[in-house]
Amino acid sequence: MATTMTHEKPQSSHRAGRIVHDADSHITDAFDWLAGYGSDYVKENMSEGLIPKTLPGLQPLLKAADERLAGNTPELTEELKSDIFGHKVKLNQFAAYGAVDKKERSEALDIMGIQSQLVFPLAGLSRFAKSKDLRLVYEGSEALNRGMADFCSDDERLLPVGFISLADPEKALVSLKQAIDFGIKAIWLLSDAVDGRAPSHRSYDPLWAMMEEAGVPIVLHIGSGANMTDEYMNTGVKRNLEGSAFNIETTKPKDLNVLHHSIERWMTCMIYDGVLERFPKLKIGLIELGSNWIPAMMMNLDMGVKELGKFDVALRDLSIKPSDYVRRQVRVTPFHMEDTGWVLRNVGKDILMFNTDYPHPEGGSDPFGDFERSLDAVDATAEELDRFYSKNFEDLMGL
């Protein structure tokens, strides 16, 4: 008697009867993807970016992905679908189910039991975003935003993340309007100061006003700012990372401890210089940057105003404590390996969001289970769980 294969897993106690949104996922936009949406100028001038074709060990991964997408390895496709997060082949994010094909991605959401998903690019941004050639930067942004909107266009549950550069505030405003017209639902920014201007520079106010009016949040993601710079890697001793010849991961062990440094500088400017005061409905998502530093940031922001505010006239214009701006307008994704329950107890119910980082291995093989165990350890209430799995994401995205 024939049987029908099902890919559904038993629901965990947290998922039962609860809407779940995913605040961090990616497509695998390697190599020729961006060129398919770019102008001739972009095609001729963009760099190889973070994942060049010449990366050692990459060709077998690409071949495996091409074979699967061509339908030549159906057994691999079924294996991936049967263990959507945990299957070891997920480490080849080029072959992962729904990483490249948007129809597969919709089916992947069905398997995951996820209501909607914020979708970031992978490497396309690195091919133009920090170039000194502003024509390339803004035409590259247009190509990326077209591509992301296209990938998500057939399924309203897929929420595309686009990018704008702050290198030229006037061009950035045109780029932002264009992205919103394409259907981009969140805007990825770089967090480092640009061209001598603070992230809170008044020339950016028209951008914040447009985003606030459109209900499109700012998102900062790993890669938004500088991590550990090269001089901190120079110890006088040659040191190889195991497996680095085959690894497309660009985050080094030393980076993990400093991912948030640029983000904290950015947040300090946005709060202390009154951006979140002037734009109270502007939302910010801090994505794939961890969360165990958030309690300390909130305490330090409050301490800075309390102890040094008398020396800065602008701080007198803040109507609430800095930490309250965070609670009101900032939403954060914890890493699955962090003690999310501890962070929840130190920041409150309004900030943290569930995420998978699919199809990247950093999201873990059991994100639901990892978060559930940590939250259960602190006896998270039904309201706190609702906020974590759905309500805080809905607040960020204006759903």
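The values are calculated or read from the model by the stated rules, or taken from the named source; none is laboratory data. A quick note: this is a predicted structure, and the numbers were derived from the prediction, not measured. When we count neighbours, we look across all protein chains shown, and the Cβ atoms used for this are built from the backbone with ideal geometry, even at glycine. Heavy atoms of the whole protein, side chains included, go into the accessibility calculation; ligands, DNA and RNA do not. Shrake-Rupley method; radii C 1.70, N 1.55, O 1.52, S 1.80 Å.
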| Normalised by the residues of segment 49-174, what does the relative contact order come to in percent, with Cα pairs under 8 Å and at least six apart? | 21 percent
| request: Could you give the size of the charge dipole of segment 287-399 about its Cα centre, using +1 on the Cβ of each K and R and -1 on the Cβ of each D and E, expressed in debye and rounded to the nearest 20? | output: 600 debye
| Gain in length, Asp376 to Leu69, computed as 0.36 nm per residue apart minus the alpha-carbon separation, to one decimal in nm? | 106.6 nm
| task | Pick out, from Gln329, Ile184, Ala108, the residue whose Cα sits farthest towards the positive end of the charge dipole of the chain, with +1 on the Cβ of Lys and Arg and -1 on the Cβ of Asp and Glu. | result | Gln329
| query | For segment 296-341 and segment 258-295, what is the separation of their Cα centres, given in Å? | reply | 8 Å
| query | Can you give me the relative contact order of the chain as a percent, contacts being Cα pairs under 8 Å and 6 or more apart? | reply | 20 percent
| Nearest 20 debye, what's the magnitude of the dipole of segment 1-151 about its Cα centre given +1 on Lys and Arg Cβ and -1 on Asp and Glu Cβ? | 360 debye
| query | Using a simple spin-label model with points 7 Å from Cα along the Cα→Cβ vector, what separation in nm is obtained for Met210 and Val174? | reply | 1.1 nm
| remark: Expressed in nanometres to one decimal, the distance between label points 7 Å along Cα→Cβ at Asp192 and His261 is 1.2 nm
| remark: About its Cα centre, the chain carries a charge dipole, from +1 on Lys and Arg Cβ atoms and -1 on Asp and Glu Cβ atoms, whose size in debye to the nearest 20 is 680 debye
| query | How much accessible surface does Thr381 have with a 1.4 Å probe, in Å² rounded to 10? | reply | 70 Å²
| Length released on extending from Ala314 to Thr54, taking residue separation times 0.36 nm less the Cα-Cα span | 88.5 nm
| message | Just want the answer: with Cβ charges of +1 for Lys and Arg and -1 for Asp and Glu, which residue in Ile51, Ile294, Val161 is farthest toward the dipole's positive end in the chain? | response | Ile294
| message | In 10 Å bins starting at zero, report the fraction of Cα pairs in the chain per bin as a rounded %. | response | 5, 22, 32, 27, 12, 2, 0, 0
| Heavy-atom surface of segment 1-158, accessible at 1.4 Å and reported per residue (Å²) | 48 Å²
| Positive-end residue, the chain charge dipole about Cα centroid, Cβ charges, pick of Ile263, His87, Trp33 | Ile263
| remark: Taking the chain and counting helices only, DSSP H stretches of n ≥ 4 at -39,500 (n - 2.57) each over all residues, the nearest-500 ellipticity at 222 nm comes to -11000 deg cm²/dmol
| request: Classify segment 8-162 as rounded, prolate or oblate from the Cα gyration tensor: take a ≥ b ≥ c as the square roots of its eigenvalues, call it rounded if a/c is under 1.5, otherwise prolate when a/b beats b/c and oblate if not. | output: oblate
| request: Kindly state, to the nearest 0.05, the FRET efficiency for Ser365 paired with Asp150, given R0 = 41 Å and r defined as their beta-carbon distance. | output: 0.85
| request: For Tyr41 and Leu399, calculate 0.36 nm times their separation in residues minus their Cα-Cα distance, and state this gained length in nm to one decimal. | output: 125.2 nm
| query | So which lysines can Lys310 reach, going by Cα to Cα under 16 Å and dropping same-chain residues fewer than 8 places off? | reply | Lys321
| query | With every protein chain in place, what's the accessible area of Val174 (1.4 Å probe, Å², nearest 10)? | reply | 100 Å²
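Rounded to the nearest 0.05, what FRET efficiency do Arg135 and Ser13 give with R0 = 56 Å and r taken as the Cβ-Cβ distance? Could you check?
0.55
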| task | Indicate, rounded to the nearest 5 percent, the antiparallel portion of the DSSP beta bridges found entirely in the chain. | result | 5 percent
| said: Quick check: at a probe of 1.4 Å, how many percent of the accessible area of the chain sits on carbon and sulfur atoms? | reply: 52 percent
